[in-house]
Amino acid sequence: SPFARKQPKGIQLRTWIEDIDKLAEDGDIDGLIIDMGSVRAGWAKRLEIRNALKRFQNKDKDIIVYADKGIGNVDYFLIAMANEIYVNNETNVWLKGLRIEVDFYKGLLDTLSIVPEVIRVNYDGKSYKTAMDPLLRKSMSDEMRENYGELLDDLNELFLDGVSLRFVNNKITAQKIINNGPYITGEDILDVGLADSIMYPDQFDDYINSL
């Protein structure tokens, strides 16, 4: 098959991206098959991965994704640009949007009679240096809520941009689908267009061998 198959599990990010860029320049390669797993990476690295796949696709090469164990929420962002997406019938697409959770430890520290020493910078009685707030407070300050709100807004916009690639950059459609997630059954996944078809692994292998 003129398709390369990549299983990035356990591969260093830089090595993986270099491999993708080499495949993009290889005239004997028509496309890429991605066996989708769980990707352990922060947003900066996810953006690098997504951009590498887009560079590959921009060389007039196809990307085909198969998710035997489903696709996680932020993992869908990575492969939404794929030309074809297939999932196992016994899995799901856990697309549901983003949220930020912050753990506060002041109650625990009070119980242990521990008083952290923190120097804070204030302006007009407010401090936007909130990194130590989980040690000093039992809930978010207004300033911390504002900081995290702005961060979440930025991440949501990035996430929406990525997912909307599946829907020809239609952000309204993408946002509606995100809001109504997750999608548990194969029928639900196909109804909203998150995958092209449902295939068991052997069916997908047969399909790839027929290309």
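Data overview
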item: Residue that is farthest from Arg166 (Cα to Cα), among those in region 49-84 that are small (Gly, Ala, Ser) and touching a Leu at 6+ places or on another chain (Cβ under 9 Å); result: Gly72
item: Matching strands (runs of 3 or more DSSP E) fully within region 11-90 where at least 3 residues are farther than 21 Å from Tyr183 by Cβ and either touching a Cys at 6+ places or on another chain (Cβ under 6 Å) or open to solvent by less than 30 Å² (accessible area, probe 1.4 Å) (or both); result: 31-35
item: Residue in region 191-200 that is surrounded by 15 or more Cβ atoms within 10 Å (Cβ to Cβ), among the acidic types (Asp, Glu) and closer than 18 Å to Ile63 by Cβ present; result: yes
item: Test for Asn156: is it without any contact (Cβ under 8 Å) to a residue 60 or more places away in the chain, assigned to a loop (DSSP other than H, G, I, E, B) and open to solvent by 40 Å² or more (accessible area, probe 1.4 Å); result: no
item: Filtered residues of region 159-190 (kept if of a type in the set (Val, Ile, Thr), exposed (fewer than 15 other Cβ atoms within 10 Å of the Cβ) and either in contact with a Ser or Thr (Cβ under 8 Å, 6 or more places away or on another chain) or touching a residue at least 60 places away in the same chain (Cβ under 8 Å) (or both)); result: Ile184, Thr185
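The values are calculated or read from the model by the stated rules, or taken from the named source; none is laboratory data. Please read all numbers here as calculations on a predicted model, not as lab measurements. Ideal geometry is used to build each Cβ from the backbone, glycine not excepted, and the neighbour counts take in all protein chains shown. We work out accessible area using only protein heavy atoms, side chains counted, and drop any ligands, DNA or RNA first. Shrake-Rupley method; radii C 1.70, N 1.55, O 1.52, S 1.80 Å.
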